[in-house]
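The values are calculated or read from the model by the stated rules, or taken from the named source; none is laboratory data. None of these values were measured; they are calculated from a predicted model. With ideal geometry, Cβ positions are generated from the backbone for all residues, glycine too; neighbour counts draw on all protein chains shown.
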Amino acid sequence: MKAFDYIEIRVPAKPQYVSVIRLTISGLALRIGFTYDEIEDLKIATGEAVTNVVHHAYHDNEEGEIVIGCALFNDKIEIMVADYGNSFNFEEIKSKIGPYNENEKVSMLREGGLGLYLMEALMDEVKVKNEGGVTVFMTKYVTREQVEEYGERIIT
């Protein structure tokens, strides 16, 4: 028996496919047992990774492709978003993000503007590789309710 199921999707690097990927991630995460809030976090983080590819990976006249791979475990999901376009220096970009103006309303922030920051804030693990394109690996663990094994029992 395999330790995980693996699903891979390839879509053109076009904005209209971001919502398709978000919906797909939502369905996969629901199967594992993520809560509604965790699923929203997964959709935002994955949407940011895909949006970054759409806006930055390929030149205007270049046809590009996004590869999304999902490994579904019992207790986590691992998401890979890869492209074959232009690479960037992750550490340099990371050093330039945040802190943000605390007077700025969160509702005014747009998807795509805070990509790396949101991915790291919403996921448990984020790794980026810049080799022949950019590959983002994101992991989120299922948080299940914890009940103490030998808790005190109250009888009424």
Within segment 84-91, can one find any residue that is surrounded by 11 or more Cβ atoms within 10 Å (Cβ to Cβ), closer than 30 Å to Phe4 by Cα, modelled with pLDDT of 95 or more and of a type in the set (Phe, Trp, Tyr)? no
With (1) within 12 Å of the chain's Cα centre (by Cα); (2) at pLDDT 95 or above; (3) β-branched (Val, Ile, Thr) as the list, and Ile9 as the residue in question, which single condition is left unmet? (1)
Given the condition touching a residue at least 24 places away in the same chain (Cβ under 8 Å) and either assigned to a strand (DSSP E or B) or within 14 Å of Leu116 (Cα to Cα) (or both), answer yes or no: does some residue in segment 22-38 qualify? no
Which one is modelled with the highest pLDDT among residues in segment 52-69 that are under 15 Å from Ile25 (Cα atoms) and crowded, with 20+ Cβ neighbours inside 10 Å? Ile68
